[in-house]
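Written out below as structure tokens is the structure these notes cover.
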């Protein structure tokens, strides 16, 4: 990787394509193009399909920028520099629910279909080429577009299978959550990993035989052949753009049919079973709203343990953007479907285990940033979360507070709920633990930790008397 000049931060995820490097300069997201990539960009802007997709919000708005904004890398200067619309929060596909990944896949295929009809293709098929504006997916990899060459297959097909289609098949056909496997490798799930799970009659399930078994066999067959040899064989066999379009339509039809309605989840009904009275809930909602309007309007709010999104929706009324984090993929899927039906563009639901958040991944652990590196929020909501981490997951209370502080930007606020040891939910967790294991799980100890990290600006004991809310300003 090339060392970036002062003030310009290179995006590690783009280093694999030196002709297309992404840089950050303040709030600007810039892309440096070499001569060939710049030529493709000019052809793209003159096409019919690309401006239409941008206008529809399906592709990230992009414009030419002064080349001097990004100094040249080693070698010739950039032939062109682009400026992209900034995505409010960058997420990774293994943080998405099943329906989110499926909707992102359908958008990717729609874009590819429109591009092929206008003489273009996408050289990549990675799920990482998509991001979100709330519940709306958006394609961000402008550098992936290039003119299509007749007789050649879709270059991104293998990536699409490994990062999109195989995870969907795993969950839709076997009921296995794809997130842990997709998180394990930045390049996705290999066919050889999945084929043993789809033997016997499972081979006949939609998409499995063609895109898993036959595709895996073809990969083995051509393992020693060069890419140019494979392309020559396909051209000789009469492979055409029409056949490619038909293949894309077939994949699109398959993906649209894939579905999974997960079984009932304990967390799906948590708001009803968690023990809040109507007075508790009303007081809590008022406290959260007041905390978010006490200072400058937050640009980014994290709602940790968002469940059905009740407080994320309140936050969205007072903030530019909300990332709603929940551990259970089924709960996140229900929330996403609801937000999508509402047309919500300011709440992004994500699958994330708070006790095991997304680490850095890829080359040197920097190609895909970990959750903590991406999350510098103006406000963090940690409502009914601390006892689950401190008691349920055995995370020391000082570590919990330190983690919340680390997710908060300087001057930002942590809005946190402390569930007292005598609360029914805390007692339920403690019942499964040895006596005396959590002597420091006390309200006074928690308040001292908060006070050492910032200024406790507000506190409220809920009417039930067993829960207390705090607004703590970091660095105040």
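Does residue 106 count as modelled with pLDDT of 95 or more, buried (at least 18 other Cβ atoms within 10 Å of the Cβ) and in contact with a helix residue (DSSP H, G or I) (Cβ under 7 Å, 6 or more places away or on another chain)? Answer is no for this residue. Only a single item in (1) out of contact with any helix residue (DSSP H, G or I) (no Cβ under 6 Å at 6 or more places or on another chain); (2) in a helix (DSSP H, G or I); (3) free of Cβ contacts under 8 Å to residues at least 60 places away in the same chain is not met by residue 429, and it is number (1).
Here residue 232 meets each of (1) in the same structural domain as residue 167 (by TED's automatic domain parsing); (2) modelled with pLDDT under 65; (3) within 31 Å of the chain's Cα centre (by Cα) with one exception, condition (3). Here residue 56 meets each of (1) within 24 Å of residue 116 (Cα to Cα); (2) touching a strand residue (DSSP E or B) at 6+ places or on another chain (Cβ under 7 Å) with one exception, condition (2).
Which of the residues spanning the stretch 197-220 are assigned to a loop (DSSP other than H, G, I, E, B) and surrounded by fewer than 16 Cβ atoms within 10 Å (Cβ to Cβ)? Listed by number, the residues that qualify are 199, 205, 206.
Number of residues in the stretch 279-304 that are in contact with a helix residue (DSSP H, G or I) (Cβ under 7 Å, 6 or more places away or on another chain) and either surrounded by 15 or more Cβ atoms within 10 Å (Cβ to Cβ) or without any contact (Cβ under 8 Å) to a residue 24 or more places away in the chain (or both) equals 6.
Just to be sure before I move on: is residue 57 surrounded by fewer than 19 Cβ atoms within 10 Å (Cβ to Cβ) and under 30 Å from residue 166 (Cβ atoms) in the structure I sent? Here the answer is yes, as residue 57 does meet what is asked. Taking the stretch 116-196 and the helices (runs of 4 or more DSSP H) fully enclosed by it, no element has 1 or more residues that are assigned by TED's automatic domain parsing to the domain that holds residue 350 and surrounded by 21 or more Cβ atoms within 10 Å (Cβ to Cβ).
The rows are residues; the columns are (1) modelled with pLDDT of 95 or more; (2) within 25 Å of residue 362 (Cβ to Cβ).
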| site | (1), (2) |
| --- | --- |
| 188 | yes, yes |
| 204 | no, no |
| 214 | no, no |
| 219 | no, yes |
| 224 | no, no |
| 228 | no, no |
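Here is a yes/no grid of residues against (1) modelled with pLDDT under 95; (2) under 30 Å from residue 298 (Cβ atoms); (3) under 26 Å from the mean Cα position of the chain (by Cα); (4) not assigned by TED's automatic domain parsing to the domain that holds residue 165:
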| residue | (1), (2), (3), (4) |
| --- | --- |
| 35 | yes, no, no, yes |
| 45 | no, no, no, yes |
| 51 | no, no, yes, yes |
| 56 | no, yes, yes, yes |
| 79 | yes, no, no, yes |
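Of the residues making up the stretch 370-420, those that are touching a strand residue (DSSP E or B) at 6+ places or on another chain (Cβ under 8 Å), over 20 Å from residue 350 (Cα atoms) and buried (at least 23 other Cβ atoms within 10 Å of the Cβ) are 387, 412, 413, 418, 419.
The values are calculated or read from the model by the stated rules, or taken from the named source; none is laboratory data. What you see is a predicted model, and the numbers here were worked out from it, not measured in a lab. Cβ: placed from backbone, ideal geometry, glycine included. Neighbour counts: every protein chain shown.
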